[in-house]
Amino acid sequence: MSDTDTTDDTDDSTAAERPDAFLDVDDLTRQQLHEVLTRATDLKERQRRGKRHALLEDETLGMIFEKPSTRTRVSFETGMTQLGGHAVFLGPDDIHLGHGEPVKDTARALSRYVDAIMARTFDHSDVVELAEYADVPVVNGLTDDAHPCQTLADLLTIHERFDGFDVDVAWVGDGNNVCQSFVLGAAMTDIDLTVATPEGYEVSEEHMARAAELGTAPETTHDPEAAVDGADVVYTDVWVSMGQEGRRATKLEDFDGFQVSTALLDDQYVMHCLPAHRGEEITDAVLESEGSIVWDQAENRLHAQKGLLAYLRGV
């Protein structure tokens, strides 16, 4: 990864202090994002060559889960093991964030035990409060507003595939948490992004404004065919996210015509953050096609998060 991939001559972010939390992608500067991705690439290569990389030896990551997850839990636990540390899982039956005790009390107590905290919650304000009161780095493992760790993996995958970020990407589907974080990541790396959503499911105005401040806000449309035309990569996610099951019938109707299928595509690469609802937002044929780089994304959660943890811990 070259030194010019995510920064330019006017970027003075190299002097910026290392953040004490990663709640969304723009908690990093462009230069810091570059450093995290470079470190992730290095750690991935070390692992593949069988070289030990115990950068966080004897350190502990506390993992708070209000929402279940396969990739988030396994990638963070495995990542900490490979870095020489340990991860402690705190599920809904182990910890009642903001219910059994105030979030700020949980943050201060955990800070006395662990070296970093990862939290996967419904309410974004919970991770904000954790970060405010914790004395160790706090990482957003997913909230209803943002999924920045997924964006790190997405950017790593795109860079590997295209040897840089000179790429046109089309997002087709819900302007949800995954999309919102990717909008910020695309702006910070100068990816040319077009977002196609049904009316009423657009990316938040706040995230669009933040993207404009970081670089360039994406083009937006309600026409998936127009978004996909000329794109190198087409990215989608589930239409019915966790906690939205009661709106399933309505959302399936609203998203009619937004399925990523062979009829929509023209030899583009396809991305999906998983889990996929095959037959809804994406067809089985597309997910299993040669153009699918979904499994590279899934693997890169591990490497990107290792790079992030090592960076936040200053090693």
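Is at least one residue of region 88-95 closer than 19 Å to L308 by Cβ and either surrounded by fewer than 21 Cβ atoms within 10 Å (Cβ to Cβ) or at pLDDT 95 or above (or both)? Yes, the conditions are met somewhere in region 88-95.
You will find that of D58, D42, the residue that is of a type outside the set (A, V, I, L, M, F, W, C), surrounded by fewer than 20 Cβ atoms within 10 Å (Cβ to Cβ) and either at pLDDT below 95 or in a helix (DSSP H, G or I) (or both) is D42 and no other.
How many residues does region 271-293 hold that are buried (at least 21 other Cβ atoms within 10 Å of the Cβ) and under 29 Å from L28 (Cα atoms)? Summing the residues that are buried (at least 21 other Cβ atoms within 10 Å of the Cβ) and under 29 Å from L28 (Cα atoms) in region 271-293 gives 3.
In the set (1) among the β-branched types (V, I, T); (2) more than 21 Å from L155 (Cα to Cα); (3) in contact with a strand residue (DSSP E or B) (Cβ under 9 Å, 6 or more places away or on another chain), the condition left unmet by V315 is number (3).
Only residues that are touching a Phe, Trp or Tyr at 6+ places or on another chain (Cβ under 8 Å) and of a type outside the set (D, E, K, R) were counted across region 156-175, and they come to 8.
Selection of region 67-107 for residues being under 26 Å from E45 (Cα atoms) and part of a helix (DSSP H, G or I) yields R71, T72, R73, V74, S75, F76, E77, T78, G79, M80, T81, Q82. Restricting L152, L142 to those that are of a type in the set (A, V, I, L, M), surrounded by 15 or more Cβ atoms within 10 Å (Cβ to Cβ), in contact (Cβ under 8 Å) with a residue 40 or more places away in the chain and not assigned by TED's automatic domain parsing to the domain that holds A40 reduces the list to L152.
The rows are residues; the columns are (1) closer than 24 Å to D254 by Cβ; (2) within 17 Å of the chain's Cα centre (by Cα).
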site	(1), (2)
Q150	yes, yes
T157	no, yes
E160	no, yes
G164	no, no
N176	yes, yes
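Answer with yes or no whether T216 is more than 17 Å from D174 (Cβ to Cβ), β-branched (V, I, T) and at pLDDT 95 or above. Judged against the criteria, T216 is a match.
Checking each residue in region 205-228 for being in contact (Cβ under 8 Å) with a residue 40 or more places away in the chain and of a type outside the set (D, E, K, R) picks out L214, P218, P224, A227, V228.
The values are calculated or read from the model by the stated rules, or taken from the named source; none is laboratory data. Since the model is a prediction, treat every value here as computed from it, not as a measurement. Every residue, glycine as well, gets a Cβ built from its backbone with ideal geometry; the counts of neighbours run over all protein chains shown.
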